[in-house]
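The values are calculated or read from the model by the stated rules, or taken from the named source; none is laboratory data. Keep in mind the model is a prediction, meaning the values are calculated, not measured. Glycine gets a Cβ as well: all are built from the backbone with ideal geometry, and neighbour counts include every protein chain shown.
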Amino acid sequence: MARKARKKKKSEFSEEPEGLERVERIECRTDEPSIDIILDTLKKGKQALVFVNTKPRAEKAAEEISKAVALKGDEKPYFEGISKSALSALERPTKQCERLALCLKKGVAFHHAGLAQKQRELIENSFREGKLKVICCTPTLAYGLDLPAFRVIVKDLKRFGSRGMDWIPVLEIQQMFGRAGRPSYDKEGEAICIAKDIIDGKEIRSRFISGKPEEIYSKLAVEPVLRTYLLSLISAGFVDSRESIFSFFRKTFWAHQFQSMESLYAIIENMLSALAEWRFVSLPESIEHTEQNDFVSADEIGKNSSGIIRATPVGKRVAELYLDPLTAHHLIECLNESGKKAHSGFSYLQMISDTLEMYPLLNVKTKEYEDVEDFLLENREFLLEKEPDAYDLEYEDFLKSIKTAMLFSDWTDEKDEDFLLDKYNVRPGELSVKRRIADWLLYSSEELCELLGMRKTRPELEKLRICIDYGAKEELLPLLRLKGIGRIRARILYNNRIRDLGDVKKAELSTLSQLIGKTLALDIKSQLGEELSEEKVKVRENKRKGQINLEDFSG
């Protein structure tokens, strides 16, 4: 990895930075070092990744670089093409789409989790082919992608966290450095950190070049992961007794780090008790405690380790759905409550929003508290879980679940991506991820309803899944069954009194053509079994408006 220094201006320090290798000088064309490095990279005919901490900074950096970059004449048609493709990735282009399209016209892109999947694939493929030269990205691009970047420039070495601005982890920056000079594309690569002065440069070298990476910890130390794995092991029949469970976990990296076997056994025993309480596993015997937090020794556990531990049918399905058992318990509790009281679509939206799987939830800013609590007041009667007290620690997360449910509610109320970006600061890519998680949780709820005999609730969940998938109200569901009809076209048809498949079948071809286009009109007529020959279509087109009737259809 090479460390670069800019060519010095007269106003800059005149001494060589102590301890830093000066590999080469880079011509200073602008006031921004990262742009100078990018221009030098392009001059060499190479590609570069620029890492920043946030989505807005990635977009801003790409825009600034695109203003300094000059394309060759023969490159312009290609970038005009991918610019149009990025702009048309969504049914209605957002402001973010327009910003990306403008950057792509200059051969520069930004990349983060807020982009639509089609846009991310477009950018990655173009960069992989060597055509796109610069990507400004968040750290998410540092994991798992093999891209031909000769240079990696890390602009943001600090990040805001619980202790304010702090240095990013060494392991994370090594992942970023590892994107430079991939063996399948280059013989070597350069990773560059931008230092503001000599002191900053020394700290960067000490921390990131000479420093040691952080310790790696087992994910089993995280309760949701341990719960999920424990239920999966029991459900698969891999373990069937306390003895076999403890034997399995004794061999894990978690146990190696934990060291205290008694404490580890106590944690597992508590997990087993919770799974049994939620009726996901059946225990032939259990250890009784005088108090919930009583310590249990390994010897005492051994005395009570006989018998077979099995997953119940519900527990087995929870494991197959890859749900955290705590989430599954929460869903079951809420679904049971829905059979006892008035509920609405919001009821299920809030139910799935208040889960670990949906994290991170939308933060409630100070200026938004009143709006979120007003929305809660209007829908309080439809809550399926007990509302925490306003002074409880859980109340903040509860309000976040309400705001996340508001996002889904606005989406199913047919608000577009630009509206959601302005109101919730949620980009199309982030919305897409939330929708996929919502679909998974609602499908899981359907499966639990089937097992628990809640057959009346299942159709409500099925309808809500489709509404979230399309971002449409329930009244459009009949029209959304047609291929090629999304929520925008469905709304156009609905507003013109074509509200179900029967109305589509009765509608004149000319009317449908005017509303959604001739090709699609013919296609949906074909989907309904009304095939039209080319001759009949020509006859219809030659008739005066109002003369076309159903007798012209065959099939």
Test: residue in segment 27-38 that is at positive phi, modelled with pLDDT of 85 or more and either among the charged types (D, E, K, R) or under 37 Å from the mean Cα position of the chain (by Cα) (or both): no
Selection within segment 46-88 - within 24 Å of Thr138 (Cβ to Cβ) and basic (Lys, Arg): Lys46, Lys55, Arg57, Lys60, Lys67
Strands (runs of 3 or more DSSP E) within segment 119-206 that include 1 or more residues small (Gly, Ala, Ser), crowded, with 19+ Cβ neighbours inside 10 Å and modelled with pLDDT of 90 or more: 190-193
Where Glu188 falls short, out of the listed (1) out of contact with any Gly (no Cβ under 8 Å at 6 or more places or on another chain); (2) over 23 Å from Cys103 (Cβ atoms): (1)
Residue in segment 110-121 that is closer than 18 Å to Leu39 by Cα and touching a Leu at 6+ places or on another chain (Cβ under 6 Å) present: no
Candidate set: segment 482-508, residues that are in contact (Cβ under 8 Å) with a residue 40 or more places away in the chain, within 27 Å of Ala438 (Cα to Cα) and not aliphatic (A, V, I, L, M); chosen: the one surrounded by the most Cβ atoms within 10 Å (Cβ to Cβ): Arg487
Count of segment 98-118 residues which are surrounded by 21 or more Cβ atoms within 10 Å (Cβ to Cβ) and under 10 Å from Pro428 (Cβ atoms): 3
Helices (runs of 4 or more DSSP H) wholly inside segment 301-375 that include at least 3 residues being within 25 Å of Val281 (Cβ to Cβ) and in contact with a Pro (Cβ under 9 Å, 6 or more places away or on another chain): 313-320, 325-338
Test result for Leu421, of a type in the set (A, V, I, L, M) and more than 20 Å from the chain's Cα centre (by Cα): no
Residue pairs meeting the criteria (Cβ under 8 Å; at least 6 apart or on separate chains; first assigned by TED's automatic domain parsing to the domain that holds Phe150, in segment 163-185; second in a strand (DSSP E or B) and among the β-branched types (Val, Ile, Thr)): Ile173/Val154; Met176/Val152; Met176/Val154; Phe177/Val152; Phe177/Val154; Arg179/Val152; Ala180/Val152
Condition check for Arg205: at negative phi and under 28 Å from the mean Cα position of the chain (by Cα): no
Where a residue in segment 435-461 is among the basic types (Lys, Arg) and its partner, wherever it lies, is assigned to a loop (DSSP other than H, G, I, E, B) and surrounded by 15 or more Cβ atoms within 10 Å (Cβ to Cβ), with Cβ under 9 Å and at least six apart: Arg435/Gly471
Number of positions in segment 225-254 that are assigned to a helix (DSSP H, G or I) and over 14 Å from Thr312 (Cα atoms): 16
Helices (runs of 4 or more DSSP H) enclosed by segment 427-521 - at least 1 residues per element that are assigned by TED's automatic domain parsing to the domain that holds Asp410, acidic (Asp, Glu) and under 31 Å from the mean Cα position of the chain (by Cα): 428-451, 458-470
So Tyr391, is it more than 21 Å from Cys467 (Cα to Cα) and assigned to a loop (DSSP other than H, G, I, E, B): yes
Residue selected from segment 415-442 under the condition under 21 Å from Tyr348 (Cα atoms) and among the acidic types (Asp, Glu), by the criterion surrounded by the most Cβ atoms within 10 Å (Cβ to Cβ): Glu430
Segment 222-260 - residue that is small (Gly, Ala, Ser) and over 19 Å from Asp324 (Cβ atoms) and, of those, surrounded by the most Cβ atoms within 10 Å (Cβ to Cβ): Ala255
Residue among Leu231, Leu331, Leu275, Leu335 that alone is modelled with pLDDT of 95 or more, outside the structural domain of Leu452 (by TED's automatic domain parsing) and more than 27 Å from Ile216 (Cα to Cα): Leu275
Number of positions in segment 69-107 that are at pLDDT below 90 and in a helix (DSSP H, G or I): 3
Meets criteria (among the aliphatic types (A, V, I, L, M), touching a residue at least 12 places away in the same chain (Cβ under 8 Å) and buried (at least 16 other Cβ atoms within 10 Å of the Cβ)) for Leu479: yes
